[in-house]
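The values are calculated or read from the model by the stated rules, or taken from the named source; none is laboratory data. Quick caveat: nothing in here was measured; it's all calculated off a predicted structure. Every residue, glycine as well, gets a Cβ built from its backbone with ideal geometry; the counts of neighbours run over all protein chains shown. Accessible surface areas use protein heavy atoms only, side chains included; no ligands, DNA or RNA. Shrake-Rupley method; radii C 1.70, N 1.55, O 1.52, S 1.80 Å.
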Amino acid sequence: ECVIIRTNNGLKKIKDIIHLGSNYKGFDFQKIFPLSNIKWNLVDKKYLNYGSSDDWKSFFMKIGVVDFLKIEIIETIVNTQAESKWANNNSNYNDDNNSNMIWPQAFGENGYKVIDYDCPEFRQLVVEISREDDSTHVKYSTSLLTQIVKNWLTYSKYLKGNVYYNNIIHSSPTSDNNNTENKNNDDNTDNNNNDNKPIANVYSRFYYDLHDYPWIPCKDQDRLYKPSDVFYPTKQLLKILGKFVNFISSECQLGFAKDIGIQTDLSVSLVINILKKLSNDNSNNQINLEDLLPIYEYLSRSFSSQESDFIANELWDHKNKLIMIPELGSSTGKFFNLNDLRIYDHSKVIETHPSMRIRILSKHFDDSLIKFFKSLNVVMVPDFNDYVKFLELTIQDDPNCELNLDKVLA
């Protein structure tokens, strides 16, 4: 930490975070992120007068200069779970193998020590990028995403921190490729001591920032999204939800997408929630039934599984209007609840009056989906009250309605 290096911003200590820069074959911050509110500390090119860029790069990396964003090690003492930033996050984040368990037992007198990982540069960069205009912030975020994906093998190691009993002396984590701040502890005990092992894992501050900030660019969009609002373009997701969700714009590995919370898997609950959102947002009747058919077909295929009760309950819930029926002569229309639907109408007139709330499924869906609606116990045909309502409306509008009346009576 006492080493001083000449940079474009004068003499700096390693703890000030210094980057190699393009002169030493490092990331070109000034070219890729020319942000006025961030002053990148880049190694001065004068060192090249005394050796090659490769030799200097190797030396600088060994003493703590970094190529891209630097991960810092943070020690936090937690005395009560309520005051911890990890207190109530279990329901909001992925939790595999109890990796986010808080805490293993009641707080003792000394509390717990969390060895955490943080990346202030990422936070600062994302905030500054968000202040740029639409086209610029998408460009910058795409560059940021590309570089993080490129170095994910390294950065993925810092998604979780370790929890220790605070009264136990333990070894500090070691740096990796000089992307972390190496903190040596003269009081470290033998690594073989069982008391030196972490008692739990928690997601790191770096993970929370990756997960919580809107920094992901999407295809054909001029805004940035949180990872949880973005989808990974698997064949299944593209086929079923392709018209209705935002897909990440840059190529990345599936593992990276899962690590930061991008949606990678299809589920019945996810599909139902998307239908609810589409129903609420369809004020201008812009949604085409043809685009929704893959969703209904997916629910139909899932109905024979253990999800059948959940699907039925959601579709029948009077608060939910999830089945889209086109208007007469159009491919777009409105969403209806199952209580407003009938499978057949032998009179073929029940939908002809614009004020009738009843809609007929067989006019718009094929046999396979009709079978699905039958499994849901949708009413087969309009009942007496439906026809009476139709006649009342028809007679009010057109006293000369003998043809329709004949069909209804038949």
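Of these, 106, 87, which one is over 21 Å from the mean Cα position of the chain (by Cα), at pLDDT below 85 and within 22 Å of residue 228 (Cβ to Cβ)?
87
Looking at the structure I just gave you, is residue 235 open to solvent by 20 Å² or more (accessible area, probe 1.4 Å) and within 22 Å of residue 279 (Cα to Cα)?
When the stated conditions are applied, residue 235 does not pass them.
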Identify all residues within the stretch 207-232 that are open to solvent by less than 20 Å² (accessible area, probe 1.4 Å) and part of a loop (DSSP other than H, G, I, E, B); write none if there are none.
-> 215, 230
Selection from the stretch 44-67 of residues that are surrounded by fewer than 14 Cβ atoms within 10 Å (Cβ to Cβ) and in contact (Cβ under 8 Å) with a residue 12 or more places away in the chain = 46, 54, 62, 63
Could you list all residues from the stretch 289-314 that are within 19 Å of residue 332 (Cβ to Cβ) and surrounded by fewer than 15 Cβ atoms within 10 Å (Cβ to Cβ)?
-> 290
In the stretch 9-43, what count of residues is obtained for those that are in a loop (DSSP other than H, G, I, E, B) and either buried (at least 17 other Cβ atoms within 10 Å of the Cβ) or under 34 Å from the mean Cα position of the chain (by Cα) (or both)?
-> 17
Does the stretch 321-334 hold any residues that are in contact with a helix residue (DSSP H, G or I) (Cβ under 8 Å, 6 or more places away or on another chain) and open to solvent by 20 Å² or more (accessible area, probe 1.4 Å), and which are they?
-> 321, 331, 332
Please identify the pairs in which a residue from the stretch 222-240 that is touching a residue at least 12 places away in the same chain (Cβ under 8 Å) and small (Gly, Ala, Ser) has its Cβ atom under 9 Å from the Cβ atom of a residue that is in a loop (DSSP other than H, G, I, E, B) and surrounded by fewer than 15 Cβ atoms within 10 Å (Cβ to Cβ), counting only partners at least 6 apart or on another chain.
-> 228/92
Any residue in the stretch 136-147 that is touching a residue at least 12 places away in the same chain (Cβ under 8 Å), open to solvent by 40 Å² or more (accessible area, probe 1.4 Å), over 23 Å from residue 73 (Cα atoms) and small (Gly, Ala, Ser)?
-> no
What number of residues within the stretch 249-266 satisfy the criterion of being part of a helix (DSSP H, G or I) and under 12 Å from residue 216 (Cα atoms)?
-> 2
Residue list for the stretch 331-359, restricted to those being in contact (Cβ under 8 Å) with a residue 24 or more places away in the chain, among the hydrophobic types (A, V, I, L, M, F, W, C) and touching a strand residue (DSSP E or B) at 6+ places or on another chain (Cβ under 8 Å) | 335, 338, 341, 343, 350, 358
